[in-house]
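Since the structure comes first, as structure tokens, the remarks are kept for the end.
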Amino acid sequence: QVQLVESGGGSVQAGGSLRLSCAASGRTFTIYTMGWFRQAPGKERESVAAISRGGGTIHYADSVKARFTISRDNAKNTVYLQMNTLKPEDTAVYYCAVGPPGSGSYYRSYDYWGQGTQVTVSS
């Protein structure tokens with residue numbers, strides 16, 4: 001089992017920044033891909049970004065490219081999401097997840113999920 005705990009969410013005005021963190025514990029040696037997803041009310045969960053174990057493969061949703069940056073620190077078993085130039089449409093609950101190699105943007109590929117952290121962007 002892998003436990004994931006997100007932090008760093010909050011409320012910010014449009015144009016602002018937030019940095020999300022997700023710390024993993026438990027069977028961390030099984031962690032390969034780490035990803036961030038989000039879900040807004042009434043909408044399906046969507047992929048935001050994902051990063052491979054070595055950091056060599058990174059995926060971003062088109063809607064966040066050039067604004068969000070995903071990174072990871074394997075020594076700390078932590079993945080980060082730096083979110084800049086936030087927009088009201090970024091408002092959602094953000095979840096981190098871990099999965100096998102190649103999980104990419106497909107949420108069903110991920111095995112473990114955090115409890116989510118709320119991000120609210122006001123105009």
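The values are calculated or read from the model by the stated rules, or taken from the named source; none is laboratory data. Being a predicted model, the structure only gives us computed values, none of them experimental. Note that we place each Cβ from the backbone using ideal geometry, even for glycine, and neighbour counts take in every protein chain shown. Note: areas computed on protein heavy atoms with side chains; ligands, DNA, RNA excluded. Shrake-Rupley method; radii C 1.70, N 1.55, O 1.52, S 1.80 Å.
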- [ ] Answer yes or no: is there a residue in region 18-30 that is modelled with pLDDT under 95 and open to solvent by 80 Å² or more (accessible area, probe 1.4 Å).
- [x] yes
TODO: Would you mention how many residues in region 25-47 are touching a Lys or Arg at 6+ places or on another chain (Cβ under 9 Å) and closer than 15 Å to E6 by Cα?
DONE: 4
TODO: From the list G116, G99, pick out the single residue that is touching a helix residue (DSSP H, G or I) at 6+ places or on another chain (Cβ under 9 Å) and either of a type in the set (V, I, T) or touching a residue at least 60 places away in the same chain (Cβ under 8 Å) (or both).
DONE: G99
- [ ] Within region 27-47, work out how many residues are assigned to a strand (DSSP E or B) and closer than 22 Å to E89 by Cβ.
- [x] 7
Task: All positions within region 105-123 that are at pLDDT 95 or above, polar (S, T, N, Q) and under 13 Å from the mean Cα position of the chain (by Cα) - done: Q115, T117, Q118
Open item on the list: Considering only region 27-39, I want to know if a residue exists there that is over 19 Å from Y106 (Cβ atoms) and small (G, A, S).
Closed with: no
- [ ] Among what's in region 36-92 and is basic (K, R) and open to solvent by 50 Å² or more (accessible area, probe 1.4 Å), pick the residue that is nearest to G102 (Cα to Cα).
- [x] R53
Open item on the list: Filter region 69-123 down to the residues that are assigned to a helix (DSSP H, G or I) and farther than 20 Å from H59 by Cα and list them by number.
Closed with: P88
Open item on the list: What pairs come out if I take residues in region 41-65 that are on the phi > 0 side of the Ramachandran plot and pair them with residues that are surrounded by 10 or more Cβ atoms within 10 Å (Cβ to Cβ) whose C-beta lies under 8 Å away, six or more apart or interchain?
Closed with: G55/S71; G55/R72
- [ ] Determine which member of the set A24, A50 is in a strand (DSSP E or B), in contact with a His (Cβ under 6 Å, 6 or more places away or on another chain) and not basic (K, R).
- [x] A50
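What is the residue count in region 94-104 for residues that are within 13 Å of the chain's Cα centre (by Cα) and surrounded by fewer than 19 Cβ atoms within 10 Å (Cβ to Cβ)?
Residues of region 94-104 within 13 Å of the chain's Cα centre (by Cα): 94-99, 104.
Right, trim to surrounded by fewer than 19 Cβ atoms within 10 Å (Cβ to Cβ) and you get 104.
Number satisfying all stated conditions: 1.
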